[in-house]
1. On full extension of the chain, what length is gained from ALA250 through LYS586, given 0.36 nm per residue of separation minus the C-alpha to C-alpha distance?
2. Sort 331-339, 353-361 by the packing proxy (mean of other Cβ within 10 Å over each peptide's residues), most packed first.
3. Would you compute the Debye intensity of the range 431-489 from its alpha-carbon atoms alone, equal scatterers and no solvent, and pass along log10 I(q)/I(0) at q = 0.17, 0.23, 0.26, 0.29 Å⁻¹ to two decimals?
4. Students often check this: by mean Cβ neighbours within 10 Å, which of 483-491, 81-89 ranks highest, and how do the rest follow?
5. At q = 0.11, 0.15 Å⁻¹, what is the base-10 log of I(q)/I(0) for the range 376-586 according to the Debye formula with one equal point scatterer per Cα and no solvent? Please give it to two decimals.
6. Take GLU79, project a point 7 Å from its Cα along the Cβ direction, then tell me which residues of the range 102-142 have their backbone nitrogen under 20 Å from it.
7. Can you pull the semi-axes for the range 498-546, root of five times each eigenvalue of the Cα gyration tensor, sorted largest first, whole Å?
8. Please give the direction-averaged projected area of the C-alpha convex hull for the chain, in square nanometres with one decimal.
Amino acid sequence: MTFMPKIFAVAKVLFLFCCFGLSSCLHNKATKISTNQETIAPKKSIVQKIKERSHLPVGERIAWYHELKKENSGEYNFENEDELTMYGYSMLWENKVTEAIEIFKLIALEFPNSANAYDSLGEAYLKNGDTELSLKNYEKSLAMNPDNFNAEDQIERIKHPEKPIEKLADKFARVFSANQYRQDLDQLGETLLKVHPNALKFISQKDFWNLIEQKKSMVTDGTTFAEFAWHCSEVIASIHCSHTEMGRFAIENEMLPARLKFPLLTRLVDGKLYVIDALDNAGTINTKDEIWSINGVVVSQLIDEIYPHITAQGFVKTTKRHVFNMWSRVLIPYALGFPETYSIVLKSKSTPITLNKAIGEVKPRSNPIFRCNDGLCLEFLDDQKTAVMSITSFVYYRFNNFDVFKAFVDKSMAEINGKGIKNLIIDVRWNGGGSQSASIHLLRYLVKKPFVYYSRSEFEGKTSATEGEEEFTPFENRYNGKLYFMMDGLGNSTTGHFMSLVKVLNLGTIVGEELGSNQFCSAGQKVCRLKHSKLEYYVANNTHVTTATSLPDETGIFPDHFVSQSIDDYLQGLDTVKEFTINLAKKQY
């Protein structure tokens with residue numbers, strides 16, 4: 001890993017844990033869960049144990065690590081390199097550089113065949129200003145793994161600091177030869193099939209390679225890098241995996257010059273494209289105007305062109321709509337071939353309107369209205385009978401910050417039970433996933449019977465059971481009132497795991513839209529790069545499935561009540577889903 005492109009460092013570690021664990025079995029459509037085999041308790045986290053002595057110097061913590069390994073090797077998991085790596089990076093990101101170096105040195109000692117360990121050491125030494133040791137470790141990492149393009153880049157930068165670093169904006173109009181593009185497309189296809197464990201789950205091998213051949217026939221010696229990236233995004237999205245992508249269009253956004261961006265903020269609702277901010281076209285265009293066509297292309301046709309480029313789990317379209325609404329100013333130009341001007345036809349007018357060019361940058365706009373800013377929030381309503389618990393993330397790991405999640409949930413449940421709350425609404429909208437530890441901990445307050453979280457766990461290097469494979473019992477102070485759940489198409493990864501068990505165990509009433517994920521998850525991420533164009537992308541490299549195997553893999557979790565915002569509700573700032581759920585709960589008493 002490297003500190004310079006931090007997003008890739010995070011991806012190489014953090015995303016690995018977004019869906020982590022599994023093994024057992026579920027039979028039914030509703031509540032009954034049974035196992036065919038005796039469950040095995042996973043080994044405890046060695047990092048979590050070491051963190052109990054975080055107040056001690058890092059050398060003493062490492063000495064204790066060796067002592068525990070010698071005396072308690074069967075109790076703690078000493079085989080999880082990624083967990084230790086994340087521990088080291090948590091220090092590096094907190095600018096505890098010398099401590100991070102010691103942890104990375106420990107990893108290199110414990111896993112001597114790991115190219116990634118030396119890559120991490122190279123990064124830490126570089127941040128510490130020691131270019132000599134940084135270069136030495138990067139070169140060792142590259143020798144062990146010739147495909148480590150990060151080490152290759154860092155070696156070049158250390159040896160030639162006078163060379164400017166190429167920015168994404170510089171690559172927008174850059175051109176490679178048609179032959180180079182075609183070789184890269186072949187490499188892309190081969191890498192996706194090699195790395196992704198379920199690459200052909202939602203597309204046939206024939207259709208996959210036909211798509212690549214189609215893209216190869218479309219590139220020429222005049223194809224720009226930006227155009228090529230757009231082709232690649234469709235190939236990558238054809239895998240239908242939310243963990244396999246190019247960066248959710250942040251890269252395309254950074255490349256695209258401001259003057260070429262679509263000069264309106266829009267929102268797609270029920271297949272209709274509305275203006276939500278006219279920006280520099282105010283006076284000519286009004287908020288809530290419905291766009292019928294752009295540059296002669298009707299909106300429905302434009303969406304049909306764009307959606308295949310957006311990654312989503314299975315065939316879930318709610319995720320694609322949310323992503324489009326966030327990045328429409330970027331996706332529309334890519335789909336239309338980067339026009340210099342935009343002409344739109346409004347539903348209310350037949351005469352085309354030529355728009356003023358976009359001026360300056362505008363932050364992508366998602367739904368800003370209801371999200372719990374702290375990530376974890378508890379609200380008691382005035383009726384004194386209803387509470388709303390917002391969980392906007394499960395990114396709370398035992399080796400890092402799980403105690404924060406546990407403390408919030410434990411305290412909240414104590415308050416909820418203490419107040420005699422009759423209706424508990426759990427809001428997992430905007431929750432992109434995270435740790436199974438957090439998901440399991442919350443479920444133990446909600447279930448009535450023992451359950452097993454995972455039915456299948458497959459990832460490289462697994463040698464023992466992982467958390468989620470054992471049977472879990474409900475907490476003694478579990479919640480006994482009525483439960484309601486709110487979800488949306490942005491719920492991915494572990495959120496799908498959580499809601500799949502909510503669904504099959506019939507824990508409560510679900511309100512919202514089709515979830516962006518389900519019980520099946522191709523998780524983790526390997527960062528890859530194409531040889532000629534140097535285009536970087538992420539590929540899922542493990543599989544995790546909950547015991548909710550009776551649910552379909554190709555769709556998200558479906559709600560009991562389909563509710564979403566109208567354009568009027570959005571513009572007025574009304575949380576339609578929450579209001580519906582609260583009213584539904586009030587009818588129960």
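Any read-out appearing in this document is the output of simple, stated calculations on the displayed coordinates, not a laboratory observation. Everything numeric here is computed off the predicted structure, so don't read it as measured data. Here the Cβ is made from the backbone with ideal geometry for all residues, glycine too, and neighbour counts use every protein chain on show.
1. Length gained, ALA250 through LYS586: 116.8 nm.
2. On the way: 331-339: 19.6, 353-361: 14.3.
The packing order, highest mean first, is 331-339, 353-361.
3. -0.71, -1.06, -1.18, -1.27
4. 483-491, 81-89
5. -0.55, -0.97
6. 107-117
7. Output for the range 498-546: semi-axes of 35, 13, 5 Å.
8. Over all viewing directions, the chain projects a mean Cα-hull area of 28.6 nm².
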